[in-house]
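Engineer: Quick one: structure below, then a few questions.
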Amino acid sequence: MPTWQELVADKRARQADETPKDWLIVPPPTDRLNVVDFPRECGLLSPKEIEITETSDVDVLLRNLASGVLSSVEVTTAFYKRAIIAHQTVNPLTEIFVKRALARAKWCDDQLKASGRPIGPLHGLPISLKDQICINGLETSMGYVGWLGKPAEKDAILTEILHNAGAVPFVRTNVPQTLMWGETYNHVFGRTLNPYNRKLTSGGSSGGEGALIAMKGSPLGVGSDIGGSIRIPAAFCGIYGLRPSYNRIPYYGTLTSLEGQDSMPSVLGPMSDNLNGIKVFMKTVIDQKPWTKDPSAVHKPWIEEEYQLCEHGGGKKLVFGIMWNDGIIVPHPPIIRALELTKKALLIAGHEVVDWVPHRHAEITRVVAEVFAACADEDSSEALKLTGEPLVHNMADVEFVSSDLPNDSISAFQLWQIHKRKLALRKSYLDHWQATKAITSTGRPIDAIIAPVACGASMPHGENLQALLTLRGRVVAHVSPSYTQYTGVFNLLDYPSCVFPVTRVDPAIDVKKRAHRFLNKRDERCYRLYDPELWRDAPVSLQLVGQSYEDEAVVAMTGIVDAALKAQKSTFSLDIPKARSSL
């Protein structure tokens, strides 16, 4: 039997063989940190391919595809070439299947020509998928060497729905080994870098999607989120990303870590460099009634009245709660500046802003950790022992000892006690939210929370690790200033959350502040880690959080916040990551 290293070498060779040789370029020098604009500069893309891949929003692409102004073959080719450029620059891809994707694109074009009608609402649109969403006939390794050589025998339900809607899946994207990291690295495909600053991480676990979309190598992608895995990469890469409510998007047939646990389910959700892509994905998938294909999918159609904010005053005057910090870690100066800019933009737009007092976040974070650790290392060890591949203990050269991980699973009864605490915390948080109607001028509770996604605008490689947590008397993870505390809270509460970009780190503005009274050791480490120059050009993003199953309203309210920020762009000298120009 080949060694795990030999299996990795074979997979990388096969990946290289699938890459068209005339799409190879000379990568930028390693000392060039910001490479987000490199695809348009490298000489591979034609002017029309640059125009296609920099189109301002997904709706424009879809209209041109449905009308035949653009063919699916030329759109898919343009994005594929840009994706391959991105891959040679920041390493976001796993599965490359050019011939198969272009054959699908040609079929879409032929159907449109024969019938005069698009196949569906996503007709001809290339879509990237995180490397856990199965595509029939392709490997889904999810960063495990032992899962190579085992092509899927059928599509995941979401893949099937996207096909039925006319989409063209064209690449799959990189993830961390086990999926349970805030940085994207594994033995099979290596590390994915942040295109705005290659010294920083693209986040995880959907870091391949985040980096690819930031480089405009895909107009629309799909990630997953169990503790922040859509929102962290979206924030670190300056794009939009939605963590939907539990089971709103079908998950059946998708591989995942901790498969079978439903204490805090992973969810699938869209990632795009424009907010229209988020809405298009959600409405398209939900309109296909996924509950008829996936027994876990919730039976809730897309409700346009909720998108029109019928329960939120029609969106005319919204009340937002700003969470300046979570009481555990104080964010870096660029995050605070983004919160200030957003507050000011919303006030100018006529909305109301109040301070949000974080409610029992330390307790919720602890329950999140206990859910993750309930099976100890059994989940990952089953995959690793297939080849003898070692567990990735760190994402950089930092000490992280495997013996610190729990090796004893808890009993079903102990898990039930965690569930009881979780429900009590959800009830307490709901009451806390509802009580805010006493402080708003509308008589409604606050409409949404605006919060940081992490304590920093990305992190240096190896620093976005799990937090220091002690369960049953033992340390189960490395000390870290940042991981999922600002996101995992909302996974446990099941609050849909949408990330939106605000600005970018400017060392001349985002200077290091005088030390505050530290809340704990992690807070102190977060403060000491910050160096404005190290974070130069990193996108700075926030998340908008609504209550359970308010996905439509969350997308709509994010649009209102996004519009308010863009209206004030010149006033605030915002440096929002460049949008694509319209065709």
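The values are calculated or read from the model by the stated rules, or taken from the named source; none is laboratory data. Computed from a predicted model, the values in this text were never measured in an experiment. Quick reminder, even Gly has a Cβ in these numbers, built from the backbone with ideal geometry, and neighbours come from all protein chains shown.
Engineer: Within the stretch 52-68, take every residue that is touching a residue at least 12 places away in the same chain (Cβ under 8 Å) and surrounded by fewer than 17 Cβ atoms within 10 Å (Cβ to Cβ) and give me the one that is nearest to A86 (Cα to Cα).
Structural biologist: Selected residue: S56.
Engineer: Moving to a separate point now. Do we find a residue being surrounded by fewer than 24 Cβ atoms within 10 Å (Cβ to Cβ), among the acidic types (D, E) and over 23 Å from L386 (Cα atoms) anywhere in the stretch 206-218?
Structural biologist: Checked the stretch 206-218: no residue is surrounded by fewer than 24 Cβ atoms within 10 Å (Cβ to Cβ), among the acidic types (D, E) and over 23 Å from L386 (Cα atoms).
Engineer: Residue by residue through the stretch 218-251, note down the ones that are part of a loop (DSSP other than H, G, I, E, B), among the aliphatic types (A, V, I, L, M) and closer than 21 Å to D562 by Cα.
Structural biologist: L220, I230, I239
Engineer: Please work out which residue is nearest to Y495 (Cα to Cα), limiting yourself to the stretch 262-272 and to residues that are out of contact with any Leu (no Cβ under 9 Å at 6 or more places or on another chain) and not in a strand (DSSP E or B).
Structural biologist: For the stretch 262-272, the residue satisfying everything is P265.
Engineer: List the pairs whose first member sits in the stretch 449-471 and is over 18 Å from L542 (Cβ atoms), whose second member is at pLDDT 95 or above, and whose Cβ atoms are under 6 Å apart, counting only residues at least 6 apart or on separate chains?
Structural biologist: If the second residue must be at pLDDT 95 or above, the pairs left are H461/T201.
Engineer: Hey, any hits in the stretch 317-327 for a residue that's among the hydrophobic types (A, V, I, L, M, F, W, C) and assigned to a helix (DSSP H, G or I)? Even if it seems obvious, please write down each step before you answer.
Structural biologist: First, pick out the residues of the stretch 317-327 that are among the hydrophobic types (A, V, I, L, M, F, W, C): 318-320, 322-324.
From what is left, the residues that are assigned to a helix (DSSP H, G or I) are none.
Checked the stretch 317-327: no residue is among the hydrophobic types (A, V, I, L, M, F, W, C) and assigned to a helix (DSSP H, G or I).
Engineer: Which pairs have Cβ atoms under 8 Å, sit 6 or more apart or on different chains, and link a residue in the stretch 323-337 that is among the small types (G, A, S) to one that is part of a loop (DSSP other than H, G, I, E, B)?
Structural biologist: Listed pairs, sorted by first residue: G327/P358; G327/L519.
Engineer: Under 8 Å between Cβ atoms, at least 6 apart or on separate chains: pull out the pairs that start in the stretch 518-541 with a residue that is within 28 Å of A214 (Cβ to Cβ) and end on any residue that is assigned to a strand (DSSP E or B) and at pLDDT below 95.
Structural biologist: Qualifying pairs under 8 Å: L529/P460; L534/P460.
Engineer: So the check is Cβ under 8 Å with 6+ separation or different chains; which pairs have a first residue in the stretch 11-36 that's in contact (Cβ under 8 Å) with a residue 24 or more places away in the chain and under 20 Å from D537 (Cα atoms) and a second one that's of a type in the set (D, E) and crowded, with 16+ Cβ neighbours inside 10 Å?
Structural biologist: Listed by first residue and then by second, the contacts come to L33/D537; N34/D537.
Engineer: So, I226, is that one hydrophobic (A, V, I, L, M, F, W, C) and either under 15 Å from H87 (Cβ atoms) or not assigned by TED's automatic domain parsing to the domain that holds F38 (or both) or not?
Structural biologist: no
Engineer: Let me confirm something: among R528, R522, which residue is under 26 Å from M264 (Cβ atoms), at pLDDT below 95 and in a helix (DSSP H, G or I)?
Structural biologist: It is R522.
Engineer: Would you mention how many residues in the stretch 288-310 are of a type in the set (K, R) and in contact with a helix residue (DSSP H, G or I) (Cβ under 6 Å, 6 or more places away or on another chain)?
Structural biologist: Result for the stretch 288-310: 1.
Engineer: Taking A396, is it modelled with pLDDT of 85 or more and among the small types (G, A, S)?
Structural biologist: Against the criterion (modelled with pLDDT of 85 or more and among the small types (G, A, S)), A396 does not qualify.
So that you can scan it fast, the table gives a plain yes or no per residue for (1) modelled with pLDDT of 95 or more; (2) in a loop (DSSP other than H, G, I, E, B):
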| site | (1), (2) |
| --- | --- |
| N464 | no, yes |
| P481 | no, yes |
| V489 | yes, no |
| Y495 | yes, yes |
| T503 | yes, no |
| D506 | yes, yes |
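Engineer: Let me ask something else. Looking only at the stretch 88-117, count every residue that is in contact (Cβ under 8 Å) with a residue 60 or more places away in the chain, among the acidic types (D, E) and assigned to a helix (DSSP H, G or I) and tell me the total.
Structural biologist: 0
Engineer: Quick one: P460 ticks every box in (1) crowded, with 24+ Cβ neighbours inside 10 Å; (2) at pLDDT below 95; (3) more than 20 Å from G327 (Cα to Cα) except a single one, so which number is it?
Structural biologist: All conditions are met except number (1).
Engineer: A further question follows. Step by step: first the residues of the stretch 348-359, then only those that are of a type outside the set (D, E) and buried (at least 16 other Cβ atoms within 10 Å of the Cβ), then the one that is nearest to I418 (Cα to Cα). Which residue is that?
Structural biologist: For the stretch 348-359, the residue satisfying everything is H359.
Engineer: Same structure again: Those residues that are assigned to a loop (DSSP other than H, G, I, E, B) and within 17 Å of C108 (Cβ to Cβ), I need them from the stretch 118-145; list them, please.
Structural biologist: Correct list: P118, I119, G120, P121, L122, H123, G124, L125, I135.
Engineer: List the number of the failed condition for G443; all other conditions in (1) among the small types (G, A, S); (2) in contact (Cβ under 8 Å) with a residue 40 or more places away in the chain; (3) touching a helix residue (DSSP H, G or I) at 6+ places or on another chain (Cβ under 8 Å) hold.
Structural biologist: Exception for G443: condition (2).
Engineer: Please tell me if S548 is modelled with pLDDT of 95 or more, within 23 Å of M282 (Cα to Cα) and assigned to a loop (DSSP other than H, G, I, E, B).
Structural biologist: On the way: modelled with pLDDT of 95 or more: yes; within 23 Å of M282 (Cα to Cα): yes; assigned to a loop (DSSP other than H, G, I, E, B): yes.
Yes.
Engineer: Considering each of T387, T440 in turn, give the residue that is closer than 22 Å to T256 by Cα, at pLDDT 95 or above and part of a loop (DSSP other than H, G, I, E, B).
Structural biologist: Result: T387 is the single residue among T387, T440 that is closer than 22 Å to T256 by Cα, at pLDDT 95 or above and part of a loop (DSSP other than H, G, I, E, B).
Engineer: How many of the residues in the stretch 282-296 are touching a residue at least 60 places away in the same chain (Cβ under 8 Å) and under 23 Å from D262 (Cα atoms)?
Structural biologist: Number of matching residues: 5.
Engineer: Going through the stretch 179-202 one residue at a time, which ones are under 16 Å from the mean Cα position of the chain (by Cα) and either under 27 Å from A383 (Cα atoms) or surrounded by fewer than 24 Cβ atoms within 10 Å (Cβ to Cβ) (or both)?
Structural biologist: L179, M180, W181, G182, E183, T184, Y185, T192, L193, T201, S202
Engineer: Tell me the helices (runs of 4 or more DSSP H) entirely within the stretch 33-87 that contain at least 1 residues that are under 22 Å from the mean Cα position of the chain (by Cα) and outside the structural domain of I278 (by TED's automatic domain parsing).
Structural biologist: Hits in the stretch 33-87: none.
Engineer: Still on this model: Out of all the residues in the stretch 1-32, which are under 14 Å from I84 (Cβ atoms) and in a loop (DSSP other than H, G, I, E, B)?
Structural biologist: Start the filter on the stretch 1-32 by keeping residues that are under 14 Å from I84 (Cβ atoms), which leaves 15-27.
E18, T19, P20, L24, I25, V26, P27 - these are the residues of the stretch 1-32 that are under 14 Å from I84 (Cβ atoms) and in a loop (DSSP other than H, G, I, E, B).
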